[in-house]
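Visitor: I'd like to ask some things about the structure below.
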Amino acid sequence: MTTLRDSLPERPLSTTEVTALEAQHDDYGVAPVGFFPELDVVTAFVVIVDGDHGYSLGFDGRDERWVLVEQFEDGDDFAGVTDRLREWVGEDWDDVDEDTVELDDVA
């Protein structure tokens with residue numbers, strides 16, 4: 001997981017980048033959770049690895065880096081994982097707008 005997190009840019013991802021991330025790895029399943037369609041910005045997503053464990057990642061706007069929000073195992077309540085990640089996103093991204101991200105940096 002560290003390799004994936006360390007390979008992410010120091011900004012939120014676009015939906016195209018999230019799709020490309022999933023396409024690059026047969027063993028990953030990626031689901032965007034913090035998605036702002038009007039900006040094409042994804043601030044948080046869940047990664048499931050080999051179908052048996054996963055991670056929720058979020059972009060910390062204050063520190064300008066991706067952080068591991070939660071790690072979970074197969075059998076955990078996936079809806080609960082995504083709900084907790086949405087709550088995490090809400091704290092940092094309630095006021096997201098064009099000034100929050102550099103849109104020119106988003107592919």
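Visitor: Starting from the range 44-76, pick out the GluC sites (Glu not before Pro) whose DSSP state is loop and whose Cβ has at most 11 other Cβ atoms within 10 Å.
Guide: Details: sites: GLU64, GLU70, GLU73; in loops: GLU64.
Answer by residue number: GLU64.
Visitor: Filter the trypsin sites (Lys or Arg not before Pro) in the range 1-76 to those in DSSP coil with at most 10 other Cβ atoms within 10 Å of their Cβ, and list the result.
Guide: Numbers: sites: ARG5, ARG62, ARG65; in loops: ARG62.
Qualifying residues, ordered by number: ARG62.
Visitor: Give me the base-10 log of I(q)/I(0) for the range 2-93 at each q in 0.20, 0.21, 0.24 Å⁻¹, Debye formula, one uniform scatterer per Cα, rounded to two decimals.
Guide: So the normalised log intensities work out to -0.94, -1.05, -1.37.
Visitor: Determine, from the Cβ-Cβ distance of THR82 and ASP60 and an R0 of 25 Å, the FRET efficiency 1/(1 + (r/R0)^6), rounded to the nearest 0.05. Show your work: numbers first, answer last.
Guide: Details: r = 18 Å, r/R0 = 0.73.
Result of the calculation: an efficiency of 0.85.
Visitor: Of the options VAL18, TYR28, GLN71, report the single residue whose Cα projects farthest towards the positive end of the charge dipole of the range 2-93 (beta-carbon charges: Lys, Arg +1; Asp, Glu -1).
Guide: VAL18
Visitor: Right, something else. Counting other C-beta atoms within 10 Å, which of VAL81, VAL42 has the fewest, and how do the rest follow? Provide the component values of the computation, followed by the final result.
Guide: Working: VAL81 21, VAL42 25.
By the 10 Å Cβ count, ascending: VAL81, VAL42.
Every number here is computed from the coordinates shown, using simple stated rules; none is lab data. Just so it is clear, the structure is predicted and the values come from calculations on it, not from any experiment. Cβ coordinates were reconstructed from backbone atoms using ideal geometry, including for glycine residues, and neighbour counts include every protein chain displayed.
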